[in-house]
2 protein chains.
Amino acid sequence: MSLELLILGSNSAAFAHRRHHTAQIFKLQDQHFLIDCGEGTQLLMKRHKVKLSRIDHIFISHLHGDHYFGLIGLLSTMHLFGRKKELLLVGPPGLKEILQLQLRHSETSLNFHIQFIEFTPGESELIMDHPKFTVITLPMDHRVPCSGYLFREKPKKRRINRKVLPDVDLTNLDIMRLKDGEDIKNADGSIKYENKLITLDPNPSYSYAYFSDTRLRAELVETIRGVDLLYHEATFANDMKERAIQTYHTTAEQAAQFAKDAEVGKLILGHFSARYKELDPIINEAKEVFDNSELAIEGTKFVVDGK
Amino acid sequence: MSLELLILGSNSAAFAHRRHHTAQIFKLQDQHFLIDCGEGTQLLMKRHKVKLSRIDHIFISHLHGDHYFGLIGLLSTMHLFGRKKELLLVGPPGLKEILQLQLRHSETSLNFHIQFIEFTPGESELIMDHPKFTVITLPMDHRVPCSGYLFREKPKKRRINRKVLPDVDLTNLDIMRLKDGEDIKNADGSIKYENKLITLDPNPSYSYAYFSDTRLRAELVETIRGVDLLYHEATFANDMKERAIQTYHTTAEQAAQFAKDAEVGKLILGHFSARYKELDPIINEAKEVFDNSELAIEGTKFVVDGK
């Protein structure tokens, strides 16, 4: 299994330099998440060959337009295409009211059910408890209620080592027990096969943290320690630090220091200010602090490979 | 002076075949109108080099998403770009509430004033009475409250015929009177210069009718008789006539017959169903009834030239 992140858009505020507003497709355990949904996201999905029907979960970080103005259009298109499957929609308070008002005025009754979850601003909540992973909210520090999201795979089961598997019939129950880390015992309770001799350690559990618009949230460093991928906004380079604080944003250097402190696998920088036609100042600044930094360039797919 | 219509988008319902949702830029007497504003309109304006700052009037026909989902993003970008000029926004009841809700949740107070006019569904109202033109609403027959718009230049003044102008000094007041059609008189009231001998007929007054989503509105034929340009939706070809009636739309043949009956200068067909990858069935059918028909292809500019 792997974890995949496809960047659809990554510009802040106004469209500029052929860069679109924030939207990304995150894939975990065969589940596809759309994270934020700026205007035109459905067109970008078409361009990057992501089928609308794959998306069963949409997570919106906050109600600034560059993060959600494409949502109502995307839901309308899902409706037009005959979607029946339920959709999970997570976002800030107010999102539901806005969508319902727009649907009411177009006299549209969606032919699929939306399970709305409005997160509690300022709190870290468990949003999804899937058998194989969890998602929690990460409270951001922004001008309006805003949340990031942390996706973590649950610990995986041990793997049977086919090479040393005893040449005997193990029952399905035995196999399940081995995967759960148990030894196989004889009827008298003595150990027949010691688990660690015929199993391998589990595959790693992957994780992804999405930091939407925010000032530096140094207090979250323990929460996200060791995540494989960290997407963090870096609206400005560090010479604009005052401006970043004033507008509730982060600089590339701050994001990189945060990534370093949290010992993440890879840092992906996004949400670029329109003032940067070229993004060299952002990436160069970040790499000086944390080398495994990359830019959230549209169309780029970041993959963390597992087995 | 001339009248210009630039098509930004013309597809109905879903984006398809690289065709975008309805939006067009109409220019009359140096005033720029944005008529309808589907998702991504601000990007299409960029593509077709229309400056946001030129737009002082936005007319929305109805609250189906393919006609207005781009509006909130466009207004937000105007705000980001520092617009101060007042904007006239005409649309159906409900539009104001939707925009205000979205602005409230993003904690945005626009730095320009919007003069909202919500039209009265089902009625034909005078929306603008500019010194040089008028705009009235045209009630459409659609699933939700919907209005078209009729732009008409007012009669223009007579033109001084420089070639036969008497070789005498005319005062500015004389010139104004001549343009208004008056004769120039001597002190005793006798005619000094007869108007019709030294002036030319006024330039023609141009007009444009926009028929948004609607069933055939044959009862409006007199209202729009002789307009220079008629944009009319033609969602379907005539083999889908039942479907057109059912969904409150028009066929190409119906639109063409309407254009012929109303003796318009040119018919522009738009709002194509995604079922038509090629638009030949639409245009061929229309041309059989009304030869001066054209398709609303994105990027096309229709110009009616005056002097």
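Throughout, read-outs are computed from the coordinates displayed, never taken from laboratory work. In this text, all values refer to a predicted model and were calculated from it rather than measured experimentally. Reconstructed Cβ throughout: ideal geometry from the backbone, glycine too, with neighbour counts over all protein chains shown.
Numbers for the structure displayed
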{"quantity": "Integer Hz, Karplus 6.51/-1.76/1.60 couplings in order for segment B:13-30, x for Gly and Pro", "calculated": "6, 9, 5, 7, 6, 6, 9, 9, 6, 5, 6, 8, 10, 10, 10, 9, 6, 6"}
{"quantity": "Inter-chain shielding of B:67-77 (mean C-beta neighbours from other protein chains, 10 Å cut-off)", "calculated": "5"}
{"quantity": "Label distances, nm, A:Arg47 versus same residue in remaining copies, Cβ-directed 7 Å point", "calculated": "1.0"}
{"quantity": "Nearest-0.05 FRET efficiency for A:His17 and B:Glu222, computed from C-beta distance (R0 41 Å)", "calculated": "0.20"}
{"quantity": "Residue-averaged [θ]222 nm for the protein assembly as shown, counting only DSSP H segments that reach four residues, each worth -39500 (n - 2.57)", "calculated": "-6000 deg cm²/dmol"}
{"quantity": "Rounded to whole Hz, the Karplus (6.51, -1.76, 1.60) HN-Hα couplings of segment B:295-300, x for glycine and proline", "calculated": "8, 7, 7, 4, x, 6"}
{"quantity": "Surrounding net charge for A:Ala218, when Lys and Arg each add one and Asp and Glu each subtract one, Cβ distance under 11 Å", "calculated": "-2"}
{"quantity": "Closest approach to the B/A rotation axis among chain B Cβ atoms, residue and whole-Å value", "calculated": "B:Gly40, 2"}
{"quantity": "Candidates A:Ile60, A:Ile127, A:Ile184: whichever shows maximal mean-square fluctuation once chain A is modelled as a Gaussian network with Cα springs under 10 Å", "calculated": "A:Ile184"}
{"quantity": "Debye intensity ratio in log₁₀ form over the Cα atoms of chain B, taken at each q of 0.09 Å⁻¹", "calculated": "-0.51"}
{"quantity": "Other-copy label distances relative to B:Ala16, 7 angstrom Cα-Cβ extension, nm", "calculated": "3.7"}
{"quantity": "Inter-label distance for A:Asn195 and A:Glu125, nm, one decimal - labels placed 7 Å from Cα along Cα-to-Cβ", "calculated": "3.6 nm"}
{"quantity": "Whole-Å semi-axes of the ellipsoid equivalent to segment A:85-198 (Cα gyration tensor, √5λ, descending)", "calculated": "49, 18, 10"}
{"quantity": "Cα-centre dipole for the protein assembly as shown with unit charges at Cβ (Lys and Arg positive, Asp and Glu negative), debye to 20", "calculated": "880 debye"}
{"quantity": "DSSP bridge orientation in chain A - percent antiparallel, rounded to nearest 5", "calculated": "55 percent"}
{"quantity": "Other protein chain Cβ atoms within 10 Å, averaged over every residue that makes up A:143-152", "calculated": "1"}
{"quantity": "Segment A:Ser53-A:Gln100, extension gain: residue separation times 0.36 nm, minus the distance between their alpha carbons", "calculated": "14.8 nm"}
{"quantity": "Order by protection proxy (mean Cβ within 10 Å, highest first), peptides A:259-265, B:275-281", "calculated": "A:259-265, B:275-281"}
{"quantity": "Mean Cα-pair separation over length for segment B:159-200, i.e. relative contact order, pairs under 8 Å, 6 or more apart, %", "calculated": "47 percent"}
{"quantity": "Segment B:217-244 residues near the modelled B:Asn292 label - backbone nitrogen below 20 Å, point 7 Å along Cα→Cβ", "calculated": "B:220-234"}
{"quantity": "Shielding by other protein chains, B:33-42, mean Cβ within 10 Å", "calculated": "3"}
{"quantity": "Check: segment B:159-200 dipole with +1 on Lys, Arg Cβ and -1 on Asp, Glu Cβ, in debye", "calculated": "240 debye"}
{"quantity": "Using a Förster distance of 60 Å, the FRET efficiency for A:Asp169-A:Lys85 (Cβ separation, nearest 0.05)", "calculated": "0.90"}
{"quantity": "Cα-based Kirkwood hydrodynamic radius, the protein assembly as shown, one decimal, Å", "calculated": "27.8 Å"}
